[in-house]
Amino acid sequence: MVSKPGYDPNLFVRGISYKDYATLRNSPKLPLFNRALRGGYPPASTIKPFMALAGLENGFSSWDERYFARGYYQINPNGRRYRDWKRGGHGWVDLERSIIESVDTYYYQLAQKMGITPIHNFLKKLSFGSPAILDLNGASNGLLPSNEWKKAKYKEPWYPGDSVNIGIGQGFMVATPLQVASATTVIANRGVLHSPRMALKIGGEEFESLQETETTRTISLKNTRNWEKVVVAMEKVISDRKGTARRLQGTPYKIAGKTGTGQVFSLQEDEEYEADKLETRLHDHAMFIGFAPSKKPEIVVFAIFENGGSSSKPADLTKKLFDAYLLDEYPAEYDYLKGPNL
């Protein structure tokens, strides 16, 4: 669990000086802020495998149904155009292809058909909207919106456009890196959620959790085969020639994953995103979620580069972590005394 930029914890051992603490506290890079536990981000397209499962579970989608994905989606014929990342559209796609190519318009229409209540109820089972870790205080709940939440917060009803945005992990929804990683373990384990904890034993004795919460539970689906089908689709995110993480092909183990690009601000309907004309703090967040080996997973990684733009950065970092964990192969730039210089 890494949050960078960080700080040297040795500064606190004998009592940190006022000068050193002021330097950390006043840094615009917020080194004292634990992004893994408290960083709130739109999950962006990493939410799509979960949305696919929610659609299947509630009868709003199927593996065989096909959808013609244009470069935009409209709730009403003359209404706002919600654009796909691929301006020309993807053409005819099914549910598997929508995950492989990360088809925004497929999830716009799916989310509108479902509405927020089925989405909220399914994602809540995966621990979105609640602290993901059992034995550390201070973890953020993120935000899993609902119709009731919006009425209380804004005194407004839930609109179809709100659902459309949630469909691609934008809008009101906020998640921490640990929440997304924890939810992904459910797919990796084909329906079993293990709530993460920092310590299992200390000095050979079982460590008591800070929270009286069950550590393992099973998420049931009407059709249990859907777990495996989603895993296969996530494998093809890497192996397919149109997969959004095809750059990770060629590993001796099979990876299942999903890319994501989280918007920091909302574009107007006809506004172009031009990173070179924006301050760095307004650049998109780059994300990747993955687990390996996909058939019998040992490790799940969620990597995010704040304002990092291209999803290639977190995908490449995730592969280095997989290589280190599964193959005991470390990058050439790794210094065993100083740690990674990535």
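Could you do me a favour and compute the accessible area per residue for segment 145-195, 1.4 Å probe, result in Å²?
Details: 1860 Å² over 51 residues.
For segment 145-195, the solvent-accessible area averages 36 Å² per residue.
Given 37 °C and 0.692 mPa s, how large is the Stokes-Einstein diffusion coefficient of segment 121-246 in µm²/s, with Rh as the Kirkwood radius over Cα pairs? Display every interim value, and only then the final one.
On the way: Rh = 16.9 Å.
Translational D for this selection: 194 µm²/s.
Go through segment 143-240 and name the GluC sites (Glu not before Pro) that are in a DSSP coil and have 16 or fewer other Cβ atoms within 10 Å of their Cβ.
Working: sites: 148, 205, 206, 208, 212, 214, 228, 235; in loops: 208, 212, 214.
Answer by residue number: 208, 212, 214.
If I stretch the segment between residue 22 and residue 201 completely, what's the gain in nm (0.36 nm per residue apart, minus their alpha carbon distance), one decimal? Show your work: numbers first, answer last.
Details: separation 179, 0.36 × 179 = 64.44 nm, distance 3.56 nm.
In short, 60.9 nm is gained.
Which sequence of 215, 23 reflects their accessible areas, 1.4 Å probe, from the largest down? Intermediate results must be reported in sequence, preceding the final value.
Values: 215 55, 23 90 Å².
Result of the area sort, largest leading: 23, 215.
Using a 1.4 Å probe over the heavy atoms of the protein chains, calculate the carbon and sulfur portion of the accessible area of the chain as a whole percent. Show your work: numbers first, answer last.
Numbers: 8940 of 18140 Å².
That fraction is 49 percent.
Roughly what angle does helix 225-239 make with the longest principal axis of the chain, taking Cα atoms, 0 to 90 degrees, to the nearest 10?
80
Hey, how much of the P(r) for segment 60-101 falls beyond 17 Å, as a percent of Cα pairs?
Values: 315 of 861 pairs.
Counting every Cα pair in segment 60-101, those more than 17 Å apart make up 37 percent.
How big is the equivalent ellipsoid of the chain along its three axes, where each semi-axis is √(5λ) from the Cα gyration tensor, reported in whole Å from largest to smallest?
On the way: eigenvalues 209, 113, 99 Å².
Working from the Cα gyration tensor, I get semi-axes of 32, 24, 22 Å.
Take the Cα pairs of segment 66-145, get the Kirkwood Rh, then feed it into Stokes-Einstein at 20 °C and 1.002 mPa s and tell me D in µm²/s. Could you put the intermediate results ahead of the total?
On the way: Rh = 14.7 Å.
For these conditions, the coefficient is 146 µm²/s.
Only Cα pairs under 8 Å and at least 6 apart count here; give the relative contact order of the chain as a rounded whole percent.
On the way: 604 pairs, mean separation 53.7, N = 342.
Taking the mean separation of contacting Cα pairs over the length of the chain, I get 16 percent.
What percent of all Cα-Cα pairs in segment 7-52 falls in each 5 Å bin, counting up from 0?
For segment 7-52, the binned pair fractions read 5, 16, 19, 16, 12, 8, 7, 7, 6, 3, 0 percent.
Of 254/319; 201/320; 86/242; 48/86; 258/320; 229/319, which pairs sit farther than 18 Å apart, going by alpha carbon to alpha carbon? Mind showing how you got there, number by number?
Working: 254/319 11 Å; 201/320 28 Å; 86/242 12 Å; 48/86 16 Å; 258/320 16 Å; 229/319 23 Å.
Flagged as over cut-off: 201/320; 229/319.
Hey, got the Cα dimensions of segment 78-193 along the principal axes, in Å, largest first?
48, 38, 21
Applying a 10 Å radius around every beta-carbon, put 109-117, 322-330 in order of their mean neighbour count, most first. Write out the running numbers ahead of the final one.
On the way: 109-117: 20.1, 322-330: 13.9.
Top of the packing list down: 109-117, 322-330.
Please list the three semi-axes, largest first and in whole Å, of the ellipsoid equivalent to segment 15-127, using sqrt of 5 times the eigenvalues of its alpha carbon gyration tensor. Intermediate values should be presented prior to the final figure.
On the way: eigenvalues 309, 64, 32 Å².
Output for segment 15-127: semi-axes of 39, 18, 13 Å.
Any chance you could run the full-extension gain for residue 147 through residue 63? It's 0.36 nm times the residue separation minus the Cα-Cα distance, nm to one decimal.
Values: separation 84, 0.36 × 84 = 30.24 nm, distance 2.84 nm.
Gain in length upon complete extension: 27.4 nm.
Within 10 Å, count the other beta carbons around each residue, average over each peptide in 11-20, 35-44, 128-137, and list them highest first. Working shown, then result.
Numbers: 11-20: 10.2, 35-44: 21.4, 128-137: 19.5.
The packing order, highest mean first, is 35-44, 128-137, 11-20.
Using only the heavy atoms of the protein chains and a 1.4 Å probe, how would 86, 254 rank by accessible area, largest first?
I get 254, 86, largest accessible area first.
For segment 26-111, with every protein chain kept in place, what is the accessible area per residue (1.4 Å probe, Å²)? If you can, show how the numbers build up before the last one.
On the way: 3670 Å² over 86 residues.
With all protein chains present, segment 26-111 gives 43 Å² per residue.
The values are calculated or read from the model by the stated rules, or taken from the named source; none is laboratory data. None of the values given here were measured: they were computed from a predicted structure. Don't worry about glycine lacking a Cβ; one is built from the backbone with ideal geometry, like all the others, and counts go over all protein chains shown. In case anyone asks, the SASA skips ligands and DNA or RNA and just uses the protein heavy atoms, side chains included. Shrake-Rupley method; radii C 1.70, N 1.55, O 1.52, S 1.80 Å.
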